[in-house]
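Notes to accompany the following structure.
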């Protein structure tokens with residue numbers, strides 16, 4: 001807050017005579033006469049810093065060098081995302097000031113001027129009785145002059161709650177003080193109005209106080225606008241928070257199936273595959289890896305809000321990216337009987353430097369759109385070298401189709417968000433209308449340009465140009481095959497802090513298999529007690545727990561016990577903001593749920609102080625046949641984690657049988673007692689168990705209860721009933737499997 005002009009409106013430009021470009025960026029005190037400039041810091045800025053507002057009359061110089069008098073009211077505005085700034089209103093009262101000077105020469109002239117001013121003027125005597133009101137004041141208040149004369153101003157205009165402030169104003173005038181203030185008043189019709197009042201004591205020719213005079217400006221419109229802006233800001237903040245919660249949930253919902261796709265792909269790659277099958281699997285894995293990179297960025301709420309999606313600058317083979325994009329969508333095109341092809345300029349160097357994931361995203365998006373909107377004919381990509389120098393190449397991409405085309409009127413709106421040409425397009429082809437907007441933003445981010453040429457029913461040509469640095473084979477990323485050094489975990493003591501018993505068992509099993517000694521704690525308070533009594537090499541800390549959560553516990557450990565022990569966060573919220581909260585609280589790293597075994601072991605080993613290499617081990621022999629659609633559950637995931645340890649699987653099943661029914665009953669009971677918070681917390685506790693048992697039929701329902709405040713009230717009872725019914729059936733089937741129940 002240094003007095004730099006940030007914005008001006010047309011009224012200010014007209015009043016001062018300067019253009020917007022002359023004022024924006026300049027220091028506002030430069031508009032003051034030289035003898036007034038030193039007072040700007042000590043007077044005006046000091047007042048607004050201390051009291052949050054400043055008001056009064058300011059002398060300024062317009063562009064012609066003429067002094068003008070401004071009646072101003074300024075406010076200090078605090079913005080969470082930026083430094084405080086000042087917003088102000090001013091009224092050119094030069095004419096009034098000059099009129100007041102003329103008053104000393106001619107009382108008649110004074111009266112004539114005042115009577116026709118645009119500002120309301122009111123004179124009162126020492127007893128606050130009105131002696132004069134000009135025409136503007138009468139228009140503002142709704143009264144005729146004769147209705148006001150002799151009346152007490154405070155009793156006519158002041159609202160009850162403002163009487164105390166009115167008395168303070170009267171006392172200030174009696175003390176000879178001038179000031180400006182805002183006040184809500186009532187007019188003749190009883191309507192509430194906001195007035196900006198600049199008041200001063202009035203003296204006779206002998207210097208004796210005879211009353212006061214006030215200049216009034218109706219700022220009701222501005223106050224209503226201020227209220228609307230505050231309400232809009234509040235609603236925007238609530239909307240942003242709702243979006244953040246939504247993206248946090250979507251982070252988990254999307255990442256979970258992606259982990260499954262990649263995991264099954266890895267398992268499948270360990271089996272004997274034919275050449276064609278390997279090709280199909282490589283295509284699936286490539287598409288899944290690209291999608292996972294994009295999901296990680298798109299679900300990074302803070303980057304989306306700030307417009308800070310980062311770019312990679314790595315070596316890549318453009319020819320391979322184009323072939324991969326076509327391969328991913330080839331079967332979709334073939335289903336519609338469309339030919340899909342590409343041409344590639346031979347002059348393009350084998351390796352370029354840039355972001356292959358973003359290029360792949362743009363190409364797949366454009367190709368997918370072309371296939372969607374093309375019923376017959378072909379879709380093709382043309383990739384041509386336009387220009388080059390010793391270090392870079394400029395490449396033009398064209399995506400051409402013979403589809404329905406775009407009308408001339410809509411071409412200009414193609415890159416707008418959430419827009420499609422008409423409702424029939426949405427009904428027939430679906431989509432959100434975001435794809436083209438995302439493509440344009442990414443191409444702009446990469447320093448390129450995108451254009452569209454299309455005619456209705458004659459197809460579309462989308463062209464974009466990008467410039468890349470030339471690279472070499474050595475700059476291509478290398479997919480390293482790494483192996484686990486299992487010795488690093490042997491003998492290490494790890495404190496596992498997690499309120500969910502199933503999650504504790506899972507993490508304990510994973511780490512114990514590598515020789516670690518795991519001590520468990522159900523909440524932060526218990527963890528602190530155990531940490532104070534024993535020595536540990538590392539802590540795995542759940543974020544969301546009862547009694548004392550992970551963030552609070554970490555801050556306590558860092559402040560009171562140990563500032564250096566590695567602490568790794570465990571959370572189902574994969575959002576960037578959640579990771580930042582964990583790091584800010586003093587944690588060293590972050591693991592999202594559901595646990596990825598390799599990721600957990602790698603990270604734990606890394607923070608235990610050695611370079612880590614993850615060994616590949618086959619779990620294909622532990623996986624049963626694929627889940628049948630009629631099955632309510634599957635033990636595949638638990639068997640995979642346990643690596644064939646039957647005792648481990650039996651313990652997990654027994655734990656599920658013993659803990660789930662009580663938790664479900666408590667969740668249902670809490671809901672019908674109106675305790676939604678407890679009901680949601682219990683759903684959060686049992687959800688990992690349902691996921692680990694692969695009870696897919698309940699995936700959506702248990703999450704709906706976990707987010708019960710946003711779930712329709714009419715749906716909750718039915719969802720609770722379904723959850724209880726399905727879990728009862730699952731438990732009955734599990735009892736048949738578990739040896740100790742098979743004789744019951």
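The values are calculated or read from the model by the stated rules, or taken from the named source; none is laboratory data. Since the structure is predicted, the reported quantities are computational estimates derived from the model, not experimental observations. Ideal geometry is used to build each Cβ from the backbone, glycine not excepted, and the neighbour counts take in all protein chains shown.
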Worksheet item: Can you tell me which residues in the range 341-379 are within 21 Å of residue 455 (Cα to Cα), in a strand (DSSP E or B) and in contact with a helix residue (DSSP H, G or I) (Cβ under 8 Å, 6 or more places away or on another chain)?
Response: 379
Item to complete: Select from the range 485-513 the residues that are over 22 Å from residue 693 (Cα atoms) and surrounded by fewer than 18 Cβ atoms within 10 Å (Cβ to Cβ) and list them in ascending order.
Response: 485, 486, 487, 490, 491, 493
Worksheet item: Which residues, taken from the range 196-219, are without any contact (Cβ under 8 Å) to a residue 60 or more places away in the chain, assigned to a strand (DSSP E or B) and over 9 Å from residue 173 (Cβ atoms)?
Response: 197, 203
Discussion item. Of everything in the range 72-95, what is touching a residue at least 40 places away in the same chain (Cβ under 8 Å) and in contact with a helix residue (DSSP H, G or I) (Cβ under 8 Å, 6 or more places away or on another chain)? Give them in sequence order.
Written reply: 76, 86, 89, 90, 92
Discussion item. Within the range 52-71, take every residue that is under 38 Å from the mean Cα position of the chain (by Cα), without any contact (Cβ under 8 Å) to a residue 40 or more places away in the chain and outside any loop (DSSP other than H, G, I, E, B) and give me the one that is surrounded by the fewest Cβ atoms within 10 Å (Cβ to Cβ).
Written reply: 53
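Yes or no, residue by residue, for (1) within 27 Å of the chain's Cα centre (by Cα); (2) farther than 15 Å from residue 504 by Cα; (3) touching a residue at least 12 places away in the same chain (Cβ under 8 Å):
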position: 670; (1), (2), (3): no, yes, yes
position: 685; (1), (2), (3): yes, no, yes
position: 697; (1), (2), (3): no, yes, yes
position: 701; (1), (2), (3): yes, yes, yes
position: 714; (1), (2), (3): no, yes, no
position: 718; (1), (2), (3): no, yes, no
position: 724; (1), (2), (3): no, yes, yes
Fill in: Qualifying residue in the range 356-364 (condition: surrounded by fewer than 16 Cβ atoms within 10 Å (Cβ to Cβ), modelled with pLDDT of 80 or more and assigned by TED's automatic domain parsing to the domain that holds residue 383)
no
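If you check 11, 99, which single one turns out to be more than 33 Å from the chain's Cα centre (by Cα), surrounded by 13 or more Cβ atoms within 10 Å (Cβ to Cβ) and not in a loop (DSSP other than H, G, I, E, B)?
Residue meeting the stated conditions: 99.
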Fill in: Any hit, the range 433-440, residues being modelled with pLDDT under 70, over 25 Å from residue 322 (Cβ atoms) and either over 30 Å from the mean Cα position of the chain (by Cα) or surrounded by 14 or more Cβ atoms within 10 Å (Cβ to Cβ) (or both)
yes
Discussion item. Please go through (1) surrounded by fewer than 18 Cβ atoms within 10 Å (Cβ to Cβ); (2) more than 32 Å from the chain's Cα centre (by Cα) for residue 531 and return the number of the only condition it doesn't satisfy.
Written reply: (1)
Worksheet, complete the sentence: Listed by first then second residue, the pairs whose first member lies in the range 454-474 and is free of Cβ contacts under 8 Å to residues at least 60 places away in the same chain and in the same structural domain as residue 414 (by TED's automatic domain parsing), whose partner is surrounded by fewer than 16 Cβ atoms within 10 Å (Cβ to Cβ) and assigned to a helix (DSSP H, G or I), with beta carbons under 9 Å and at least 6 positions apart or on separate chains, are 454/408; 455/408; 456/408
Fill in: Residues (part of a strand (DSSP E or B) and either touching a residue at least 60 places away in the same chain (Cβ under 8 Å) or within 18 Å of residue 390 (Cβ to Cβ) (or both)) located in the range 443-453
none
Discussion item. So in the range 79-96, with the set limited to residues that are touching a strand residue (DSSP E or B) at 6+ places or on another chain (Cβ under 9 Å), over 22 Å from residue 17 (Cβ atoms) and outside any strand (DSSP E or B), which one is modelled with the lowest pLDDT?
Written reply: 79
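Out of curiosity, is residue 409 outside any loop (DSSP other than H, G, I, E, B), over 22 Å from residue 333 (Cα atoms) and modelled with pLDDT under 85?
Answer is yes for this residue.
Here's the yes/no breakdown for (1) over 19 Å from residue 75 (Cα atoms); (2) modelled with pLDDT of 85 or more; (3) assigned to a helix (DSSP H, G or I); (4) in the same structural domain as residue 200 (by TED's automatic domain parsing):
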position: 18; (1), (2), (3), (4): yes, yes, no, no
position: 30; (1), (2), (3), (4): yes, no, yes, no
position: 43; (1), (2), (3), (4): no, no, yes, no
position: 50; (1), (2), (3), (4): no, no, yes, no
Discussion item. Would you confirm whether or not the range 139-151 contains a residue that is loosely packed, with under 13 Cβ neighbours inside 10 Å, more than 27 Å from residue 97 (Cβ to Cβ) and touching a helix residue (DSSP H, G or I) at 6+ places or on another chain (Cβ under 9 Å)?
Written reply: yes
Fill in: Lone unmet requirement of (1) farther than 30 Å from residue 609 by Cα; (2) crowded, with 19+ Cβ neighbours inside 10 Å; (3) modelled with pLDDT of 80 or more for residue 469
(2)
